[in-house]
Structure formats: structure tokens, C-alpha cells
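First the structure, in the form of C-alpha cells, and then the observations on it.
The values are calculated or read from the model by the stated rules, or taken from the named source; none is laboratory data. None of these values were measured; they are calculated from a predicted model. Cβ coordinates were reconstructed from backbone atoms using ideal geometry, including for glycine residues, and neighbour counts include every protein chain displayed.
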Amino acid sequence: MIHKILYHLIPFLLPFIAYGLYLFATRRARAQERKEGRAFDETPWFWLFASGLGFLVLSLIAVWLFTGAPAGGSYVAPHVEDGKIVPGKFD
């Protein structure tokens, strides 16, 4: 379950991580901290959130397109073979 959550959470967080790395690489955050004491006052929160939401939607579309059962397939229910449980699947 955590894998499925992280699969969509990581694309959402990518713009925030990239912006943080940008601040660190340009040392802009440190210069602002010395002047004002606040490094993230000028952060474009709306654009970071909007681009993260866009990446999240793209990840949902990718999962929808590239996973799942083929059209017209038949479902084989879970059953027991030789004392072992065989999970359900689509054929």
C-alpha cells in the first residue's frame, strides 16, 4: 500500500525538491537568511503546487494507461492448488 502512495506522492514533491536544490545550489537561501531571517518568503508556492499537481495527474494517467487487465480478459478467482493458495488473475 505504501508503494502505491509513494508512487503518486513522489511526482507531487518533485517540484518542491527541485526548488530546494536550486536554492541550495545558488546559495540564495543563505543570503536571504542573513538579510531577512527568512529563506522562503519569495517562494512561488502556487507554481510549485500547480506543477506538483500536474505531475500527480500525469502519474495517475500513466498508471491508468499502462496497468490493468487486457480488454476482454477473463478473471480466474483465487484457488488452492497442491495445498498452496494461487492468487486471482486475469487471463
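If you scan the stretch 46-91, which residues turn out to be on the phi > 0 side of the Ramachandran plot and small (Gly, Ala, Ser)?
Gly68, Gly72, Gly83
Considering only the stretch 60-91, state which residues are modelled with pLDDT under 85, over 27 Å from Leu6 (Cβ atoms) and of a type in the set (Val, Ile, Thr).
Within the stretch 60-91, none qualify.
If you check every pair at least six apart or on different chains, which have Cβ atoms under 6 Å apart with a residue in the stretch 1-16 that is free of Cβ contacts under 8 Å to residues at least 12 places away in the same chain and surrounded by fewer than 15 Cβ atoms within 10 Å (Cβ to Cβ) first and a residue that is in a helix (DSSP H, G or I) and β-branched (Val, Ile, Thr) second?
Matching pairs, first to second residue: none at all.
Residue by residue, here is whether (1) part of a helix (DSSP H, G or I); (2) at pLDDT 85 or above holds:
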position	(1), (2)
Ile10	yes, yes
Leu21	yes, yes
Glu33	yes, no
Glu42	no, no
Trp47	yes, yes
